[in-house]
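What follows is one structure encoded as structure tokens, with my remarks underneath.
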Amino acid sequence: MKISDIIIKDRIRKEMGDLIPLEKSIHKLGLLHPIVVSENNELIAGQRRIEACKNLEWEEVPVTIINIQKLRDGEIDENQIRVNFTSDEQIAIADYVEKDIREENVKKMKLGKPSKDSLEGMPPNTTQKAIAEKTGISFDTLRKKKEIQEEAKTNPKFAKLYKSIDNLDSKDNTNSVYLKLSKLNRKRELVKKTKETQIILPKTITLYNKEFQTAPIEDNSVSLIFTDPPYHDEYLSLFGDLAKQAIRILKDGGSLLTFVGQTNIPEICDYMRNAGLEFHWPICVLHTGRASTMHSTKTMIEWKPILWFTKGKYQGDYVRDLVESKPPNKDEHDWAQSTEESDYYIKHLTIENEIVYDPFLGSGTFGVSAKKLKRQFIGCEVDKDHYDTARRVISNAT
Ligand SMILES: C[S@@+](CC[C@H](N)C(=O)[O-])C[C@H]1O[C@@H](n2cnc3c(N)ncnc32)[C@H](O)[C@@H]1O
């Protein structure tokens, strides 16, 4: 039928989108699906195809004539009732496209024609673009899907996550699953790094891979507890256990300095007071990076509190109540702190050989400060991988 004879009435779709991939496809393969029109030549489905054919200077197109009462039902169903390619299928399409391009390049090279596209490593931009066009997703998303697919082959947890990417009702998407995969790979690297390191810890350093509540620490033996418990609400009761342990193991006049989340300060103070510790002072750790935002309280957070409690009266020297922090290295632990704060307070609140204790070691940051400053140090970490990391980090510290 002549394109000029097709009557296009008011359509639901107003935007034609990028027609170039469709034009290229029609140019290469022909029109895979005829245009659908009513007995009165009114368009039912295929306006984008018509526009692409016009751009290709076609004057006629093949048509299928059907008889439906409401033209719009045709337009809606044609666009809505379709099944998207699964991730597996998208990856298969990409492999096919890439193989095709490579084969053409090899042919060109054999004919002595130069090919701009390299045949090794990451596909060149032109290939990436072709893959994105054919799969309908960006090359970067496809690369992430491929990595997740690879992990899914041997890891049941990721097999489940990989499937969930294609489920439109799932909260998991490629980016969130890829983030989990990146974390897993980072953890693997840390474990490997630790295995390859010879760990040598001096006798002055004792690390436990256990819950701090069960650590065998002598009564009245510790001069300073410097620590950074997990902040989330579900961990709040840990502060109760910490308070009870602190009142038992701290020397008279000893201090507990704990990082806290701003939102739980009142409850944490209650735990500490109920156990018999005295509130001494709040300390401000000033962030140097960009402020983060807490939407629930509408605040831009530019500092971190450390709360200072004592067992009995503090008898030490004057110390500052503000420390300018440096951005911590999060390679070893997602929640790692910098050593600026621990260096300062361990130095000013204890002397050489006194015992500093961190019940929530993480990657061992505060043990690094204690070792540098020649204090005795006790640390606890419940997670085996973090514990191993802390052993390596403290062992390597000088
Ligand atoms: C906020 S992170 C500490 C980060 C650390 N300051 C650093 O710079 O790497 C808290 C750590 O406490 C550990 N943890 C949680 N509950 C624990 C418990 N009951 N006993 C010992 N460690 C625990 C977590 O596994 C986590 O590594």
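At 0.36 nm per residue, and after removing the present C-alpha to C-alpha distance, how many nm does the segment from Glu302 to Thr214 gain when stretched out fully? Write out the running numbers ahead of the final one.
Working: separation 88, 0.36 × 88 = 31.68 nm, distance 3.52 nm.
The Glu302-Thr214 span can extend by a further 28.2 nm.
Bin by bin, in steps of 10 Å, what percent of the Cα pairs in the stretch 3-80 do you find, going until the bin that has the longest distance?
18, 54, 26, 1
What's the local net charge at Lys2, with K and R +1, D and E -1, over the other residues with C-beta under 11 Å away?
-3
If you take every residue apart from Val177 with its C-beta less than 12 Å away from the C-beta of Val177, what net charge results, scoring Lys and Arg +1 and Asp and Glu -1? Working shown, then result.
On the way: positive: Lys144, Lys145, Lys157, Lys160, Lys163, Lys171, Lys180, Lys183; negative: Glu147, Glu151, Asp166, Asp172.
With Lys, Arg at +1 and Asp, Glu at -1, the neighbours total +4.
How do the peptides 29-35, 390-396 rank, highest first, by the average count of neighbouring beta carbon atoms within 10 Å per residue?
Ranking the peptides 29-35, 390-396 by packing returns 390-396, 29-35.
Check which residues have an amide H placed less than 5 Å from Tyr357's amide H, if you skip close sequence neighbours.
Placed amide hydrogens put Leu224, Ile225, Phe226, Ile378 under 5 Å from Tyr357.
Taking 25 °C and 0.890 mPa s as the conditions, I'd like the Stokes-Einstein D for the stretch 196-248 in µm²/s, using the Kirkwood hydrodynamic radius from alpha carbon pairs.
My calculation gives 183 µm²/s for D.
Any idea what diffusion coefficient the stretch 87-196 gets from Stokes-Einstein, in µm²/s, Kirkwood Rh on alpha carbon pairs, 10 °C, 1.306 mPa s? It would help to have the intermediate numbers written out before the result.
On the way: Rh = 15.8 Å.
Translational diffusion coefficient: 100 µm²/s.
Expressed as a fraction of 2.2 N^0.38 Å, the rule-of-thumb size for a compact globular protein of N residues, what is the C-alpha radius of gyration of the chain? Walk me through the intermediate numbers first.
On the way: Rg = 32.3 Å, N = 398, 2.2 N^0.38 = 21.4 Å.
Rg over 2.2 N^0.38 Å, computed on Cα atoms: 1.51.
Which residue fluctuates most in the GNM of the chain (Cα springs below 10 Å): Gln245, Gln315, Gln90?
Sorting by GNM fluctuation, first place goes to Gln315.
For the stretch 176-305, compute the number of Lys pairs whose alpha carbons are separated by less than 19 Å, excluding pairs fewer than 8 positions apart on the same chain. Could the numbers behind the result be given before it?
Numbers: Lys180/Lys192; Lys183/Lys192; Lys183/Lys193; Lys183/Lys195; Lys187/Lys195; Lys210/Lys244.
Lysine pairs, 8 or more places apart or on different chains, close enough: 6.
Rule-based calculations on the coordinates, nothing more; no lab input. Quick caveat: nothing in here was measured; it's all calculated off a predicted structure. Methodologically, a virtual Cβ is constructed for each residue, glycine included, from the backbone with ideal geometry; neighbour enumeration extends over all protein chains shown.
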